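Read-outs: derived from the displayed coordinates by stated rules, not from any lab. Since the structure is predicted, the reported quantities are computational estimates derived from the model, not experimental observations. So basically every Cβ, Gly included, is an ideal-geometry build from the backbone, and we count neighbours across all protein chains shown.
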Amino acid sequence: MQNMITITFPNGGSREYPSGVSGLGVAESISGGLAREALAVTVNGTVRDLLFPIESDATVQILTWKDDAGKEVYWHSSSHLMAHAVLELFPEAKFGVGPAIDQGFYYDIDIDHVLTPEDLARIEEKMKDLAREDRPFERKVLTKQEAIDFWKERGDEYKLELIDGLDEENEVISCYTEGSFTDLCRGPHLPSAGRIKYVKLLNISGSYWKGDAKNKQLQRIYGISFPKKSELEEYLERLEEARKRDHRKLGRELELFAFHEVSPGAPFWLPRGMVLFRELQKLIRSLLDSAGYEEILTPILVKKELWEQSGHWQHYQEHMFLVEDSEDEIYSLKPMNCPESTYVYRHKVRSYRDLPLRYSEIGTNHRNELSGALNGMFRVRQFHMDDAHLYVRPDQIQDEITALLRLVERFYKMFGFDTYYALSTRPEDAMGDPELWETAEKSLAESLAENGIDYKLNPGDGAFYGPKIDISVRDALRRSWQLATIQLDFQMPERFELEYIDEKNERRRPVMIHRAIMGSMERFIGVLIEHFAGAFPIWLSPVQVAVLPISDQFMDYAAEVASSLRSRGVRCELDSRNEKIGYKIRDWEVHKVPYMLIVGEKEQSSRSVSVRRHREGDLGSQSLTAFEEHLLQEITDKIL
């Protein structure tokens with residue numbers, strides 16, 4: 001008699017199946033056409049191929065395109081299919097890595113041919129031909145020597161280098177074959193290539209092997225794929241809209257910031273950009289002041305001993321800018337603020353009555369990013385972090401994290417963002433006692449549960465000193481951005497021997513909570529530019545009102561209007577150019593100023609203004625006083 005196992009489903013229901021049943025077999029037993037939609041399966045939380053045999057009791061979820069993990073498998077398989085197509089067209093090609101990413105996939109390729117857009121079109125067509133053959137993705141487990149022999153025969157030094165770094169005792173070495181193409185891969189993959197329907201290869205970029213500028217530069221092909229044509233068309237429309245919203249393009253056009261080779265990866269803030277910078281600082285400071293924070297500021301240049309004590313020297317040194325002084329002392333520009341806040345804490349003896357202590361800091365940080373990885377405001381070398389470090393008693397953890405979660409939600413609602421949460425757990429290079437890690441992870445999970453927040457688990461994605469709650473937002477184009485983070489840290493107080501005196505006059509360790517809401521202010525501003533397409537809400541807009549006289553004879557009244565607005569705190573510009581009014585209106589529309597006030601003979605005689613709103617056009621004539629009152633209320637209420 002065949003052994004039976006119990007499969008439990010995400011809804012809590014369960015059913016018995018013969019041992020060895022595959023995910024596909026489970027899907028076929030469920031009505032509603034699930035088998036046609038199935039892409040892969042999770043078995044006890046691990047994503048597997050749909051044909052993976054389940055041999056003991058397990059919790060199982062059939063993954064479809066609706067699931068993020070299902071999309072990842074779809075895109076990973078598309079990357080594999082693209083590599084197959086490249087090899088068909090360029091038999092000398094060698095391959096680096098080809099993962100799924102947040103939106104689509106890429107593969108790093110070494111060929112003696114500079115790829116062109118025409119080549120991408122050829123590769124796309126070849127992918128379609130291969131997909132029509134509908135060959136299965138077949139997995140095979142190899143010994144390390146078998147893998148070495150296979151790729152040595154093919155002369156692919158990149159795969160051989162990857163194999164050399166694998167530990168046969170602790171890692172399963174596997175490959176996947178689809179048609180005539182075999183790739184070193186952990187998987188999982190789709191059942192067959194025919195599931196890949198609509199593909200678009202997007203662009204080509206250079207990429208150093210393993211991200212190291214000392215290694216050879218490969219060609220990276222980016223692509224996207226979908227099961228339905230309508231989804232691909234919708235994505236391409238969003239992509240075109242994203243190009244129009246590119247913060248680097250709008251940053252130049254709106255005169256917000258500039259980049260120069262004299263300081264790669266560090267923005268030069270222009271006056272209008274500094275308005276955004278200051279307004280966001282003003283906003284975050286007002287929220288933190290009302291939440292009981294105290295602001296501190298710590299040095300940018302710090303001796304390496306601090307980083308050795310914190311653990312950053314061992315875990316993060318490659319990302320740090322090092323400086324040697326005239327006395328051969330080694331310093332680093334700080335990549336983050338947390339270790340130095342411990343010196344503020346240790347400034348005097350702390351009592352249990354002093355806690356929680358909430359220290360905020362808008363610190364200037366530097367990280368030694370590879371030049372090829374720099375990307376406008378999204379990846380920079382110098383940035384400002386709206387940081388905070390909270391020192392709490394263990395019994396205060398839940399209340400403080402709840403307050404932080406509410407603060408984050410309140411902040412993001414001001415910009416119209418929806419929020420999404422993830423819990424990132426202990427990484428492989430974690431520092432400190434595993435039991436403390438387990439305690440910290442449990443505390444964060446309980447905080448999320450107590451606040452009724454759904455979240456996904458990111459195993460192994462925590463910081464080296466503690467687990468964290470990562471908070472992402474979706475922008476106007478439904479793109480996801482991971483911005484805020486809340487990290488629970490038992491390690492730093494241990495390493496810096498932080499203490500407080502409890503009610504029994506005994507010494508205790510505080511717990512440290514790291515948190516950032518905007519994260520990097522530079523990156524957050526880049527996201528805002530693209531989210532609003534440069535048309536910021538009026539409270540944030542660098543120029544809130546432009547005053548446009550119809551001709552020079554009304555310049556005095558226009559200056560009077562501008563002066564009145566400025567006296568009430570409105571950011572206003574008087575357009576005194578000798579240009580026609582139609583040209584001025586079009587130009588200010590391009591600069592996305594929220595309001596234009598047109599003044600001529602009628603407005604001057606009636607002490608009024610003719611109001612135009614960006615994207616809405618003419619709103620009619622109003623008295624200057626009425627317009628000012630309406631405008632100030634809109635600014636105060638932070639209307640979106």
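Provide the FRET efficiency to the nearest 0.05 for the Glu146-Asp167 pair, computing r from the beta carbons and using R0 = 25 Å.
0.95
How big is segment 58-203 in terms of Cα radius of gyration and Dmax, in angstroms?
15.4, 49
Quick one: 3J(HN,Hα) in Hz for segment 265-270, Karplus 6.51/-1.76/1.60 with θ = phi - 60°, rounded, Gly and Pro as x.
x, 10, x, 9, 7, 8
Just the Cα atoms of segment 545-636: what Rg and Dmax do they give in Å?
Using the Cα atoms of segment 545-636, the pair Rg, Dmax is 11.9, 34 Å.
I'd like to compare 468-477, 341-350: which one has the highest average count of other Cβ atoms within 10 Å, and what's the full order after that?
Descending packing order for the listed peptides: 468-477, 341-350.
Sorting check: for 370-378, 322-330, 282-290, which peptide has the highest mean count of neighbouring beta carbons within 10 Å, and how do the rest follow?
The most tightly packed comes first, giving 370-378, 282-290, 322-330.
For the ranges 180-192, 33-45, 266-278, what's the packing order if you count other beta-carbon atoms within 10 Å of each residue, average per peptide, and put the highest first?
In decreasing order of mean packing, 180-192, 33-45, 266-278 become 180-192, 33-45, 266-278.
What's the FRET efficiency of Asp461 with Asp552 using the Cβ-Cβ distance as r and R₀ = 60 Å, to the nearest 0.05?
Working from the Cβ atoms, E equals 0.45.
Take Leu201, Leu619 and order them by how many other Cβ atoms sit within 10 Å, fewest up front.
Ordered by Cβ neighbours within 10 Å, fewest first: Leu619, Leu201.
Could you tell me the distance between the Cα centroids of segment 123-160 and segment 176-255, to the nearest Å?
19 Å
Please report, in whole Å³, the volume per residue of the convex hull around the C-alpha atoms of segment 205-311.
276 Å³
If you take the Cα atoms of segment 4-64, find Rg, then find the Kirkwood Rh from the mean of 1/r over all pairs, what is Rg/Rh?
Rg divided by Rh gives 0.91.
Rg over Rh of segment 529-574, using C-alpha atoms and the Kirkwood radius, what does it come to?
Expressed as Rg/Rh, it is 1.10.
Along the Cα→Cβ direction, 7 angstrom out, place labels at Arg278 and Glu153. What is the inter-label distance in nm?
About 7.0 nm separates the two model spin labels.
Taking a cut-off of 20 Å between Cα atoms, list the lysines near Lys580, but don't count ones fewer than 8 places away on the same chain.
Lys592, Lys602
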